[in-house]
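Undergrad: First, the structure itself, so that you have it in front of you.
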Amino acid sequence: MKFKALAAAFVLGGLFSQSLAATAAEPENTMVIELKSGNVTIALRPDVAPRHVEQIKALVREGAYDNVAFHRVIGGFMAQTGDVQFGDMEDGFDPDRAGMGGSDKPDLPAEFSDVPYVRGVVGMARAMDPDSANSQFFIMFGAADSLNGQYTVVGEVESGMEHVDAIKKGDPSQNGMVTDPDRMVKVRIAADN
């Protein structure tokens, strides 16, 4: 009896592993963010946000995200980065302006979907205008139903969530603004190795 139970668990475990592998993004749609504590692998979702994913990949390939700060980090909620205009640590990070910039690329029309905002989901930051996402994105620490259908989902963390959890948190009284923030050391698309 124990043998049958173990065999069933092994088969189910194998099927579960196969289903996870089947949902893994191909290298062209896999973004790898190097943090000081290790790599975070993100499966980008061109199936739900093709224009946003295209812009993110273009920025990655330009090196725009390298050394950019996690300027807004709220424990239990999310870590925001991607301000390539004011968040670059090498060009003199400006805490008073970080989070107010984007890139030299145009803002994008919203690509809202029914993908829920849960732990590990990556979404695009924007201003009040739904069509104002540009380069900034955030990684969820936990679920936030209030974001569902209101912000464009661009991906989900496949591995390295423990490194996201280790990102320096900001001051809750300052809406998560981070003093001496952690940064994305290097960002690449897996297909470019």
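Undergrad: Restricting to segment 151-193, give me the number of residues that are of a type in the set (Val, Ile, Thr) and within 25 Å of SER113 (Cβ to Cβ).
TA: Residues in segment 151-193 being of a type in the set (Val, Ile, Thr) and within 25 Å of SER113 (Cβ to Cβ): 7 in total.
Undergrad: Under 12 Å from the mean Cα position of the chain (by Cα), closer than 16 Å to ILE139 by Cα and touching a residue at least 12 places away in the same chain (Cβ under 8 Å): which single residue out of VAL68, VAL32, VAL73 fits that description? Talk me through it step by step, then tell me what you get.
TA: Numbers: VAL68 fails: under 12 Å from the mean Cα position of the chain (by Cα); VAL73 fails: under 12 Å from the mean Cα position of the chain (by Cα).
Within the list VAL68, VAL32, VAL73, the selection yields VAL32.
Undergrad: Okay, next question. Look through MET161, MET124, MET140 and report the one residue that is crowded, with 19+ Cβ neighbours inside 10 Å, under 17 Å from THR30 (Cα atoms) and either over 11 Å from the mean Cα position of the chain (by Cα) or at pLDDT 95 or above (or both).
TA: Every option except MET124 fails the conditions.
Undergrad: Would you say GLY63 is over 22 Å from VAL32 (Cα atoms) and either over 14 Å from the mean Cα position of the chain (by Cα) or at pLDDT below 95 (or both)?
TA: no
Undergrad: State whether one or more residues within segment 87-98 are part of a strand (DSSP E or B) and at pLDDT below 95. Please lay out each step first, then the result.
TA: Taking segment 87-98 as the starting set, the residues that turn out to be part of a strand (DSSP E or B) are 88.
Next, only the ones that are at pLDDT below 95 stay: 88.
Looking for residues that are part of a strand (DSSP E or B) and at pLDDT below 95, one finds at least one in segment 87-98, hence yes.
Undergrad: Please count how many residues of segment 142-193 are in a strand (DSSP E or B) and polar (S, T, N, Q).
TA: So the answer is 1.
Undergrad: What number of residues within segment 133-166 are in contact with a strand residue (DSSP E or B) (Cβ under 8 Å, 6 or more places away or on another chain), of a type in the set (S, T, N, Q) and farther than 17 Å from ALA69 by Cβ? I'd like the intermediate steps shown before the answer.
TA: So the first thing to find is which residues in segment 133-166 are in contact with a strand residue (DSSP E or B) (Cβ under 8 Å, 6 or more places away or on another chain), and the list is 133-134, 136-141, 144, 147, 151-164, 166.
Those still in the list that are of a type in the set (S, T, N, Q) too: 134, 136, 152, 159.
Checking the rest, the ones that are also farther than 17 Å from ALA69 by Cβ come to 152, 159.
Number satisfying all stated conditions: 2.
The values are calculated or read from the model by the stated rules, or taken from the named source; none is laboratory data. Quick caveat: nothing in here was measured; it's all calculated off a predicted structure. Methodologically, a virtual Cβ is constructed for each residue, glycine included, from the backbone with ideal geometry; neighbour enumeration extends over all protein chains shown.
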